[in-house]
1. Under the condition of being among the small types (Gly, Ala, Ser) and touching a residue at least 60 places away in the same chain (Cβ under 8 Å), which residue from region 69-89 is most open to solvent (accessible area, probe 1.4 Å)?
2. Looking at THR29, is it among the hydroxyl-bearing types (Ser, Thr, Tyr) and touching a helix residue (DSSP H, G or I) at 6+ places or on another chain (Cβ under 8 Å)?
3. Looking at ALA16, ALA35, ALA27, which is the one that is at negative phi and either modelled with pLDDT of 90 or more or not small (Gly, Ala, Ser) (or both)?
4. Out of all the residues in region 20-35, which are in contact with a Lys or Arg (Cβ under 9 Å, 6 or more places away or on another chain) and free of Cβ contacts under 8 Å to residues at least 40 places away in the same chain?
5. Can you tell me which condition PRO66 does not meet? The list is (1) open to solvent by 40 Å² or more (accessible area, probe 1.4 Å); (2) assigned to a loop (DSSP other than H, G, I, E, B); (3) at pLDDT below 90; (4) not hydrophobic (A, V, I, L, M, F, W, C), and all the others hold.
6. Among the residues of region 36-59, is there at least one that is loosely packed, with under 14 Cβ neighbours inside 10 Å, of a type outside the set (Gly, Ala, Ser), in a loop (DSSP other than H, G, I, E, B) and touching a residue at least 40 places away in the same chain (Cβ under 8 Å)?
Amino acid sequence: MRIGLGAIMGQWLDPAGISTERLLVRASTRDDLPAMERTWLDPEVRRYLGGPISAEMLERRRQLRPGRGMFTVTLHDATVAGFCHYGRTERRIPERK
């Protein structure tokens with residue numbers, strides 16, 4: 001039987017997350033969606049992620065159900081510092097020439 005990384009990470013991280021002196025990395029929840037949307041629309045953030053997102057993409061992301069592989073990074077006072085995920089993506093990284 002093969003066990004995927006998602007199953008291992010889910011058991012390892014949930015429910016308390018990973019805590020350091022300054023940060024907490026925890027599983028994302030629907031309560032994080034407003035902060036995610038602010039990030040998706042922030043021009044300073046988007047400049048490093050391929051530019052603005054389309055209205056269609058924004059609407060798809062609004063329907064998102066945070067789940068396995070999606071994490072919210074917060075300061076210990078619950079201020080959201082960012083988000084991260086692990087898993088496969090369809091986005092291709094251009095090859096260097």
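1. GLY87
2. On the way: among the hydroxyl-bearing types (Ser, Thr, Tyr): yes; touching a helix residue (DSSP H, G or I) at 6+ places or on another chain (Cβ under 8 Å): no.
So THR29 does not fit the description; no.
3. On the way: ALA16 fails: either modelled with pLDDT of 90 or more or not small (Gly, Ala, Ser) (or both); ALA27 fails: either modelled with pLDDT of 90 or more or not small (Gly, Ala, Ser) (or both).
None of the others qualify; the one that does is ALA35.
4. Answer for region 20-35, where residues must be in contact with a Lys or Arg (Cβ under 9 Å, 6 or more places away or on another chain) and free of Cβ contacts under 8 Å to residues at least 40 places away in the same chain: ARG30, LEU33.
5. In the conditions (1) open to solvent by 40 Å² or more (accessible area, probe 1.4 Å); (2) assigned to a loop (DSSP other than H, G, I, E, B); (3) at pLDDT below 90; (4) not hydrophobic (A, V, I, L, M, F, W, C), PRO66 misses (1) alone.
6. Within region 36-59, none of the residues are loosely packed, with under 14 Cβ neighbours inside 10 Å, of a type outside the set (Gly, Ala, Ser), in a loop (DSSP other than H, G, I, E, B) and touching a residue at least 40 places away in the same chain (Cβ under 8 Å).
The values are calculated or read from the model by the stated rules, or taken from the named source; none is laboratory data. Keep in mind the model is a prediction, meaning the values are calculated, not measured. Backbone-built Cβ (ideal geometry, glycine too); neighbour counts: all protein chains shown. For accessibility, only protein heavy atoms count, side chains too; no ligands or nucleic acids. Shrake-Rupley method; radii C 1.70, N 1.55, O 1.52, S 1.80 Å.
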